[in-house]
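For reference, the structure is listed below as structure tokens.
The values are calculated or read from the model by the stated rules, or taken from the named source; none is laboratory data. Computed from a predicted structure; not experimentally measured. Counting neighbours? That spans all protein chains shown, and the Cβs are built from the backbone with ideal geometry, glycine included. SASA here: full protein model, heavy atoms, side chains in, ligands and nucleic acids out. Shrake-Rupley method; radii C 1.70, N 1.55, O 1.52, S 1.80 Å.
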Amino acid sequence: MNKDQVAEVLVNIATLLELKGENPFKSRAYLNAARTIETLSEPLDKVVAEARLADIKGIGDALQQKITELVTTGKLQYYEDLKASIPPGLVAMLDIPGLGPKKIKALHDELGIKTVEQLEQACKDGKIAGLKGFGEKTQANILEGINRRRAYASRHLVSDALQRAEPLLEALRSQPDVIRCSTAGSLRRHREVIGDIDLLASSKQPAEVIEFFTSQPGILKVLAKGGTKASVLLEGGIQSDLRVVSDADYSPALLYFTGSKEHNIAMRQRAIDRGLRLNEYGLFRSKEETRDPKLLVKCKTEEEIFEKLGLHYIPPEMREDMGEIALAEKGPLPRLIEWTDLKGSLHNHSTWSDGHQRPEEIAKAMCELGLAYWGITDHSKSSFQANGLDPARVRQQLKEIASINATLAKEGSDFRLLTGTEVDILKDGKLDFPDDLLAELDVVIASIHTSFSQTEAETTQRLIGAAQNPYVHMLGHLTGRLLLEREPYKLDHRAVIEACAETGTWIELNAHPMRFDMDWRWWPYAKSKGVKCVINCDAHRFGEAGFLRLGAGIARKGWLTKEDVVNTLPLKALMKELGKKRARVR
Ligand code: DGT
Ligand code: CA
Ligand code: CA
Ligand code: ZN
């Protein structure tokens, strides 16, 4: 097991101990150990092999034994026994938003509730509201949480869907009977959340392609299998549909199965208005619904179908019936941003707060990826749960980063780390750091991490206040949502966007696949007001640099071009932009 896997087990143990009502210090010890392991600068197996774990602060003999067992055998008997000692329904309840181990234990002890179904019934019977520490509001929240969890269960993050889809698509591409193939549906449109993975292929031997597809690794179950269609359930719980058509039918089928449904309806109406018919089999010269090949308007590509309907090509990400058809009628669409246009991420964390690598390691890794810069914007002091920095530690960090940059310069590298902070916007709208400290930093992101249940007016005012601070470059993850986990807090997007426009403040497109925040639906409005976007990884570890690619996909859904996104600029031009808002007050 690697560091992250070991840390995950330790965190789970902490939660289970809490669920059992064990001494809180015991579960805190596991949490601390998890964090220590995650941020260990040496390879874990080396430390284990040399029996040096117990030398590390916070790891005693008992923990050393357990971690050693995990690393060497990949399992831990203690953890297995602990899991077996708790009704599985209680563990499942942990997924319900707003329910933590303490509350679940109370529900179990007081009312004997062991399953989510029993909990739902108890809420409906009004039995929860009367419990000490619960009340009407909590009862309603739990019920809503249960319903939401049910709705979430059949949806998947686009990152997870891509990870499952890419090997399947690769395999199809290598299959000799396949002529063309692609993803379709919401995945091709790069929606933030996906129902299922739609795949399309063209072939003269559809049955062979179906056979090949259904025998791929990673398939839990073949749900349906015919001569030209198959549905499978993939490991991880995502369903995937493959359709195989003749190559002549490929483009209309791709257009149709890419959707969205609303975009398709608008396209079909457009065809009808021109005395044509558009369906999954093609574009036909007909006033009635048909698939008669004699009436077919031959189109080899999607571009040709758009052209025959008097439209410029619409990239899949824009096919959401949000005005793209009217735009494509007027002229070529703007050239949307590509992820390779991005030169670095401005919002990221290091071991100084809750990140997993040190600035020095990060600089090396991001430079090797070919990026031009990388912002280190750790949390501010109020985010104590994320090990936020006080001003003294920020100034220490500034020195460390200056020395890393000096070394880079000496080595002739053009790559630079940028100093910064993700400063908390406090409950009352004030920032967690004074202006003089913010003025010393290259990049200042202001984000909300607390008091999510304020009114829309309060939250909006908090965000506008932050935008009005001359040292705040951008607002981070605007709505605080966690896709499939936590709903956004309420805010007036228009008012915040307008305040950003007035003050010259940028808005982040947080590219973490659970966030994609600000939502893509608001970017055309922000763009119309002249508000710039910054696509940030909010990376806490190396691998998350890859979020840039996902974030660019969402930016494309928001109709953004390279010019709309600040971190497409090279270092020098970026530094100049970072100085502009501040220059207004000097
Ligand atoms: P999802 O799977 O819920 O994330 O969303 P989609 O958009 O992938 O929807 P899905 O998988 O039900 O259908 C795939 C495509 O087929 C969809 O993007 C557009 C097309 N489609 C599905 N149902 C209809 C429909 O009733 N009318 C039209 N015009 N097109 C449809
Ligand atoms: Ca789909
Ligand atoms: Ca589907
Ligand atoms: Zn944050």
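Numbers at a glance
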{"item": "So Arg180, is it at pLDDT 95 or above and more than 10 Å from ligand 1 (Cβ to nearest atom)", "result": "yes"}
{"item": "Cβ-Cβ under 6 Å pairs, at least 6 apart or on other chains, the range 336-364 side on the phi > 0 side of the Ramachandran plot, far side assigned to a strand (DSSP E or B) and at pLDDT 95 or above", "result": "Gly344/Tyr373; Gly344/Trp374"}
{"item": "Qualifying positions in the range 525-541 - surrounded by fewer than 17 Cβ atoms within 10 Å (Cβ to Cβ) and not in a loop (DSSP other than H, G, I, E, B)", "result": "Tyr525, Ser528"}
{"item": "Per-region count, the range 249-294, residues of a type outside the set (Asp, Glu) and free of Cβ contacts under 8 Å to residues at least 40 places away in the same chain", "result": "24"}
{"item": "Residue that is away from ligand 3 (no atom under 12 Å from the Cβ), touching an Asp or Glu at 6+ places or on another chain (Cβ under 9 Å) and closer than 15 Å to Pro316 by Cβ, where the choices are Arg189, Arg277", "result": "Arg189"}
{"item": "Filter result for the condition that a residue is under 16 Å from Val443 (Cβ atoms) and over 14 Å from the mean Cα position of the chain (by Cα), over Leu569, Leu491, Leu509, Leu560", "result": "Leu569"}
{"item": "So Leu475, is it among the hydrophobic types (A, V, I, L, M, F, W, C), away from ligand 1 (no atom under 16 Å from the Cβ), in contact with a Leu (Cβ under 7 Å, 6 or more places away or on another chain) and open to solvent by less than 40 Å² (accessible area, probe 1.4 Å)", "result": "yes"}
{"item": "Output for the range 23-67, where each listed residue is among the acidic types (Asp, Glu) and either under 20 Å from Asp4 (Cβ atoms) or in contact with a helix residue (DSSP H, G or I) (Cβ under 9 Å, 6 or more places away or on another chain) (or both)", "result": "Glu38, Glu42, Asp45, Asp55, Asp61"}
{"item": "Candidates Leu220, Leu234, filtered to the one that is surrounded by 15 or more Cβ atoms within 10 Å (Cβ to Cβ) and closer than 21 Å to Asp160 by Cβ", "result": "Leu234"}
{"item": "Residue that is farthest from ligand 4 (Cβ to nearest atom), among those in the range 179-197 that are without any contact (Cβ under 8 Å) to a residue 60 or more places away in the chain and open to solvent by less than 20 Å² (accessible area, probe 1.4 Å)", "result": "Ile197"}
{"item": "Residue list for the range 468-496, restricted to those being within 16 Å of ligand 4 (Cβ to nearest atom) and outside any loop (DSSP other than H, G, I, E, B)", "result": "Met474, Leu475, Leu482, Arg486"}
{"item": "Identity of the residue in the range 425-467, in a helix (DSSP H, G or I) and touching a helix residue (DSSP H, G or I) at 6+ places or on another chain (Cβ under 7 Å), that ends up farthest from Lys580 (Cα to Cα)", "result": "Thr460"}
{"item": "Residue pairs meeting the criteria (Cβ under 6 Å; at least 6 apart or on separate chains; first more than 10 Å from Ala501 (Cα to Cα), in the range 523-538; second of a type in the set (Val, Ile, Thr) and not in a helix (DSSP H, G or I))", "result": "Cys533/Val565; Ile535/Val565"}
{"item": "Scope the range 408-424; condition part of a helix (DSSP H, G or I) and open to solvent by less than 60 Å² (accessible area, probe 1.4 Å); matching residues", "result": "Leu408, Ala409"}
{"item": "Test: Ile272 is within 16 Å of ligand 3 (Cβ to nearest atom) and either open to solvent by less than 30 Å² (accessible area, probe 1.4 Å) or at pLDDT 95 or above (or both)", "result": "no"}
{"item": "Condition met for Ser202 (within 16 Å of ligand 3 (Cβ to nearest atom) and open to solvent by less than 30 Å² (accessible area, probe 1.4 Å))", "result": "no"}
{"item": "Answer from Ser251, Ser246 - the residue that is buried (at least 16 other Cβ atoms within 10 Å of the Cβ) and modelled with pLDDT of 95 or more", "result": "Ser251"}
{"item": "Odd one out for Leu187 among (1) within 13 Å of ligand 1 (Cβ to nearest atom); (2) in contact with a Pro (Cβ under 9 Å, 6 or more places away or on another chain)", "result": "(2)"}
{"item": "All positions within the range 358-388 that are among the hydrophobic types (A, V, I, L, M, F, W, C) and modelled with pLDDT of 95 or more", "result": "Ile362, Ala363, Ala365, Met366, Cys367, Leu369, Leu371, Ala372, Trp374, Ile376"}
{"item": "Whichever residue in the range 144-177 is touching a strand residue (DSSP E or B) at 6+ places or on another chain (Cβ under 7 Å) and assigned to a helix (DSSP H, G or I) and, among such residues, is farthest from ligand 1 (Cβ to nearest atom)", "result": "Arg173"}
{"item": "Wholly within the range 1-88, helices (runs of 4 or more DSSP H) carrying at least 1 residues that are hydrophobic (A, V, I, L, M, F, W, C), over 26 Å from Asp109 (Cα atoms) and out of contact with any Cys (no Cβ under 9 Å at 6 or more places or on another chain)", "result": "3-20, 24-38, 44-49, 61-73"}
{"item": "Criterion violated by Ser260 - all others in (1) of a type in the set (Ser, Thr, Tyr); (2) open to solvent by 20 Å² or more (accessible area, probe 1.4 Å); (3) within 14 Å of ligand 2 (Cβ to nearest atom) satisfied", "result": "(2)"}
